[in-house]
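Taking it in order: structure first as structure tokens, then the write-up.
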Amino acid sequence: MTKKKALPIVLALLMMLSVALAGCNSTGESASGSQGGGSGQTVIKFMHLWPEGSSNAQYTIVNEIIQDYEKQHPDIKIQTEILGNDQYREKLKVLASSNELPDVGMTWSDGFLKPYVEGQLFTPLDDVIDANLKDNFIPGVKESYAIDGKTYGMPLELNISYIFYNKELFKKYNLQVPKTYSELENIVKTLNDNKVIPAAVGNKEGWPGSFWFMYLVDRIGGPTILTDVIQGKRSFDDPAIVQAATEVQSLVDMNTFEKGNSGLSNDEAKGYFMNEQAAMFLTATWELPNYTTSPDVPQAFKDKIGYFKFPLYEGGKGTDINSYVGGPGVGLFVAENSEVKEQAKDFAAFLVKEWGDKSVTDAGVIPATKVDTDGKKLDPMYVEILKDLSTASNVTTYFDTQASPNVAELHHDLIAALFGKQITPQQFVQQTAAALAEESN
Amino acid sequence: MLVKAVMSNRSAIALYVLPALILILIIIYIPLVLTGYYGMMDWKGFAPMKFIGLGNYNKLIHDSMFWKSTYHSVLLGICSTLSLLIYLAVSMVLASRIKGANLFRKIYLIPMLLSSVAIAQLWSKIYDPSNGIINHLLISMGVQNPPLWLSDPNIVLFAIFVPIVWQYAGFYIIIYYAALKNVPEEVMEAATIDGATPWQVATRIKLPLIAPVFKVTIILALVGSLKYFDLIFVMTGGGPNHASEVMASYMYGEAFSKYNFGYGSAIGFALLLICLLMTWLIRKLTTSGEDVQY
């Protein structure tokens with residue numbers, strides 16, 4: 001009797017034990033993994049967003065830099081984790097909420113950075129910047145990662161935006177690069193008459209359309225207005241901003257953009273430009289490889305692509321065509337509660353420095369550090385744009401990057417609605433102004 | 001013998017059930033309670049939490065955007081429930097020994113095998129305003145301004161319902177098909193001998209016999225629709241300007257795009273309550289009368 005009763009319980013216990021043991025086993029393995037396999041090495045965990053498949057050039061450069069660093073520091077092992085852009089953003093939030101950030105990782109500037117700094121998750125990097133990279137950054141870029149006078153990120157990329165255009169289509173219809181906004185409107189008219197989509201824009205996520213809006217604000221109201229709005233010095237319902245929003249809708253009325261753009265992602269819209277269905281594409285310099293070095297794009301297409309600066313608006317306050325809308329891309333952070341903080345800082349500085357030398361030539365990315373173009377084999381478009389950067393009178397950081405996540409999301413929604421003509425320019429500015437006001441309280 | 005020994009021993013049963021129970025507690029029930037708790041916090045996701053009582057829930061009740069997304073979810077629920085009738089009709093045809101029934105069953109099942117993201121990509125291409133297959137056809141047929149499926153706020157919701165209904169067809173058809181195949185042959189034979197028409201056999205015998213299955217599918221479809229997320233998230237992200245926002249995508253946007261984890265949790269908890277309420281309501285409405293048996 002007792003024997004009969006005991007057997008099933010023993011069986012059940014055995015089963016539970018085996019489950020528990022299996023659990024122990026796997027955690028035991030991962031624990032030893034994070035300590036570098038017991039060979040006395042320090043492990044720096046590094047998370048970045050350039051997977052081998054979709055960002056091969058960047059991936060290769062980062063890998064080379066890591067190998068160099070490990071060679072110079074045999075006691076340090078860099079453990080990488082790589083995710084695509086969107087997954088990266090998600091994972092970073094989740095890791096942050098459980099306080100498990102990697103030692104070194106990538107962050108965006110301004111509004112993205114702020115909650116992380118407020119949550120004391122990132123560590124200030126001023127000491128390491130002063131020691132290693134004092135005069136290396138293009139002026140104004142590093143400041144996008146600063147809060148209350150301390151810098152929490154070391155920028156890697158810098159992007160400014162241009163209108164890229166199809167030279168062949170322009171030539172076919174006898175069009176010249178526009179210097180003024182009314183010339184641009186004439187181009188739109190001519191292209192429409194010839195059944196070519198004048199410009200591609202994808203507004204599903206809102207930000208690509210915001211480029212048009214931001215440039216119009218810059219040209220109509222002057223280069224500082226959007227930054228002033230963020231800093232509370234001016235109100236979003238400024239007449240210049242209303243006028244810019246009105247101009248956006250009149251561009252829509254002129255059929256400047258492909259139909260249904262508020263349902264298309266940036267990549268889908270880009271397809272119209274790459275397939276030569278659309279003649280212009282307002283985007284940032286991160287697209288440059290597609291027009292110069294990328295092996296995936298046919299040379300015949302690359303040869304057709306040129307760029308021009310957003311034209312000046314007649315009677316507007318922004319009278320300098322060398323004022324750009326742009327902003328830093330990703331930068332590196334070091335986690336506040338990293339156990340290897342000093343080593344992590346050193347590695348991050350090394351990466352930024354090396355990146356500046358290699359990124360233009362090998363990946364076609366404009367780095368946030370100054371580039372010496374002498375003796376480098378570069379596509380003429382790069383040389384021109386690097387020259388533009390050195391003569392830029394102003395770079396206004398993207399409005400959504402400067403704004404808080406709340407206002408940025410609202411801005412994206414409202415831009416899609418503005419392009420889709422679901423709201424009036426007045427509603428557009430009022431709703432944004434209300435959200436900004438609520439925040440400053 | 002061993003099985004019998006185990007099944008007659010209560011503490012052994014308890015021990016066997018325990019691991020699964022602990023897992024469910026840890027993975028499902030404890031997070032559920034925590035979500036309700038986080039819903040009472042002003043929380044950005046990582047910075048310290050601040051207790052604000054029912055503040056988030058109060059905001060929720062007055063949030064027109066939340067009710068709009070609820071309305072969209074309920075609309076989707078109604079659409080999915082109505083489409084159950086179509087699935088039922090199809091499976092009736094398939095179950096009645098027609099030629100090629102087997103092949104059709106497989107054809108209907110294939111969308112089930114695709115991942116939601118693949119389906120979303122596929123239908124985004126189909127709906128593309130200028131290069132998509134639908135508008136290409138419409139333009140070649142002489143339509144001047146074909147609908148902008150995913151960017152027109154008036155039709156985007158229904159444009160998205162189509163692939164959702166299409167996606168789940170195979171799943172419900174398989175369920176109904178299996179249920180119909182379980183209807184005893186003798187009963188139908190007897191009915192036919194008594195002079196029942198095929199229509200009568202279908203409505204008087206088959207339908208009442210599979211009614212319990214039908215009830216379960218109604219709950220599945222309705223609750224599944226209320227918490228529906230993936231296709232909508234990939235195809236429109238709830239846009240343009242919230243025109244296709246449903247409860248789950250609204251929750252995601254608040255928590256993960258705007259960093260309002262507290263408010264997002266409150267939405268998630270409200271979603272749970274609404275689902276529970278719906279399930280209870282349907283059970284209440286459909287338990288009239290006992291299950292039919294012949």
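The values are calculated or read from the model by the stated rules, or taken from the named source; none is laboratory data. Being a predicted model, the structure only gives us computed values, none of them experimental. Note: ideal-geometry Cβ built from the backbone for every residue, glycine included; neighbour counts use all protein chains shown. Remember, those area values only see protein heavy atoms, side chains included, never the ligands or the DNA or RNA. Shrake-Rupley method; radii C 1.70, N 1.55, O 1.52, S 1.80 Å.
Can you list the helices (runs of 4 or more DSSP H) lying wholly within region A:140-249 that have 1 or more residues being in the same structural domain as A:Thr432 (by TED's automatic domain parsing), open to solvent by less than 10 Å² (accessible area, probe 1.4 Å) and of a type in the set (Val, Ile, Thr)?
Output list reads A:181-193, A:207-221, A:225-230.
Can you name the residue in region B:126-145 that is of a type outside the set (A, V, I, L, M, F, W, C) and assigned to a loop (DSSP other than H, G, I, E, B) and is also nearest to A:Gly420 (Cα to Cα) among such residues?
Residue satisfying both the conditions and the ranking: B:Pro129.
Checking the conditions here, which among B:Val183, B:Val165 is part of a loop (DSSP other than H, G, I, E, B) and either within 29 Å of B:Met112 (Cβ to Cβ) or at pLDDT 90 or above (or both)?
Just one listed residue meets the conditions, B:Val183.
Looking at A:Asp86 and the list (1) open to solvent by less than 60 Å² (accessible area, probe 1.4 Å); (2) under 19 Å from A:Asp267 (Cβ atoms), which single condition is not satisfied?
Status for A:Asp86: all satisfied but (1).
Name the residues in region A:403-433 that are away from chain B (no Cβ under 14 Å) and open to solvent by 30 Å² or more (accessible area, probe 1.4 Å), would you?
Listed by number, the residues that qualify are A:Gln426, A:Gln430.
Being within 19 Å of the chain's Cα centre (by Cα) and not hydrophobic (A, V, I, L, M, F, W, C), is that true of even one residue in region A:63-76?
no
Please state which one of B:Lys68, B:Lys59, B:Lys50, B:Lys106 is surrounded by fewer than 19 Cβ atoms within 10 Å (Cβ to Cβ), within 23 Å of B:Ile173 (Cβ to Cβ), charged (D, E, K, R) and out of contact with any Lys or Arg (no Cβ under 9 Å at 6 or more places or on another chain).
B:Lys106
Quick one: what pairs do we get from region B:196-225, first residue among the basic types (Lys, Arg), second open to solvent by 50 Å² or more (accessible area, probe 1.4 Å), C-beta under 9 Å, 6+ apart or different chains?
B:Lys215/B:Arg283; B:Lys215/B:Thr287
For the structure I just gave you, tell me whether A:Val365 is open to solvent by 20 Å² or more (accessible area, probe 1.4 Å), under 26 Å from A:Asn203 (Cα atoms) and under 18 Å from the mean Cα position of the chain (by Cα).
So A:Val365 fails the test.
Return the residues of region A:294-317 that are of a type in the set (S, T, N, Q) and either within 26 Å of the chain's Cα centre (by Cα) or under 16 Å from A:Phe281 (Cα atoms) (or both); say none if nothing qualifies.
Answer for region A:294-317, where residues must be of a type in the set (S, T, N, Q) and either within 26 Å of the chain's Cα centre (by Cα) or under 16 Å from A:Phe281 (Cα atoms) (or both): just A:Ser294.
Check region B:40-63 and report whether any residue there is aliphatic (A, V, I, L, M), closer than 21 Å to B:Ala243 by Cα and in a helix (DSSP H, G or I).
Yes.
Just name the residue that is farthest from the chain's Cα centre (by Cα) out of those in region B:148-158 that are more than 9 Å from chain A (Cβ to nearest Cβ) and not in a helix (DSSP H, G or I).
If we take residues in region B:148-158 being more than 9 Å from chain A (Cβ to nearest Cβ) and not in a helix (DSSP H, G or I), then B:Asn154 is farthest from the chain's Cα centre (by Cα).
So A:Ser359 ticks every box in (1) modelled with pLDDT of 90 or more; (2) in a helix (DSSP H, G or I); (3) touching a Leu at 6+ places or on another chain (Cβ under 8 Å) but one. Which box is left unticked?
(1)
Results for (1) within 12 Å of chain B (Cβ to nearest Cβ); (2) farther than 30 Å from B:Leu23 by Cα; (3) modelled with pLDDT of 55 or more, shown as yes or no for each residue.
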{"position": "A:Met15", "(1), (2), (3)": "yes, no, yes"}
{"position": "A:Ser18", "(1), (2), (3)": "yes, no, yes"}
{"position": "A:Ala22", "(1), (2), (3)": "yes, no, no"}
{"position": "A:Ser39", "(1), (2), (3)": "no, yes, yes"}
{"position": "A:Tyr69", "(1), (2), (3)": "no, yes, yes"}
{"position": "A:Ile78", "(1), (2), (3)": "no, yes, yes"}
{"position": "A:Arg89", "(1), (2), (3)": "yes, no, yes"}
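Picking from B:Phe256, B:Phe233, which residue would you name as being within 14 Å of chain A (Cβ to nearest Cβ), closer than 24 Å to B:Ser115 by Cα and at pLDDT below 85?
B:Phe256
For residues that are aromatic (Phe, Trp, Tyr) and more than 9 Å from every other protein chain (Cβ to nearest Cβ), scanning just region B:1-42, find the one that is nearest to B:Phe256 (Cα to Cα).
B:Tyr38
Consider region A:387-440. How many of its residues are in a helix (DSSP H, G or I), over 18 Å from A:Phe112 (Cβ atoms) and of a type in the set (S, T, N, Q)?
Qualifying residue count, region A:387-440: 8.
Which of the residues that make up region A:41-66 are part of a helix (DSSP H, G or I), open to solvent by 50 Å² or more (accessible area, probe 1.4 Å) and closer than 19 Å to A:Pro102 by Cβ?
A:Asn63
For region B:132-141, which positions are out of contact with any helix residue (DSSP H, G or I) (no Cβ under 8 Å at 6 or more places or on another chain) and open to solvent by 50 Å² or more (accessible area, probe 1.4 Å)?
B:His136, B:Leu137, B:Ile139, B:Ser140, B:Met141
Return the residues of region A:84-109 that are part of a helix (DSSP H, G or I) and among the hydrophobic types (A, V, I, L, M, F, W, C); say none if nothing qualifies.
Answer for region A:84-109, where residues must be part of a helix (DSSP H, G or I) and among the hydrophobic types (A, V, I, L, M, F, W, C): A:Leu92, A:Val94, A:Leu95, A:Ala96.
Output the residue which, of all residues in region A:96-118 that are free of Cβ contacts under 8 Å to residues at least 40 places away in the same chain and more than 9 Å from chain B (Cβ to nearest Cβ), is most open to solvent (accessible area, probe 1.4 Å).
The extreme case among them is A:Glu100.
Among the residues of region A:263-277, is there at least one that is modelled with pLDDT of 90 or more and away from chain B (no Cβ under 14 Å)?
no
List every residue pair whose Cβ atoms sit under 9 Å apart, with the two residues 6 or more apart in sequence or on different chains, where the first one lies in region A:280-301 and is without any contact (Cβ under 8 Å) to a residue 40 or more places away in the chain and more than 20 Å from A:Leu156 (Cα to Cα) and the second, anywhere, is open to solvent by 20 Å² or more (accessible area, probe 1.4 Å) and part of a loop (DSSP other than H, G, I, E, B).
A:Phe301/A:Glu276
For the list (1) away from chain A (no Cβ under 14 Å); (2) crowded, with 17+ Cβ neighbours inside 10 Å, I need the number of the one condition that B:Ser115 fails.
(2)
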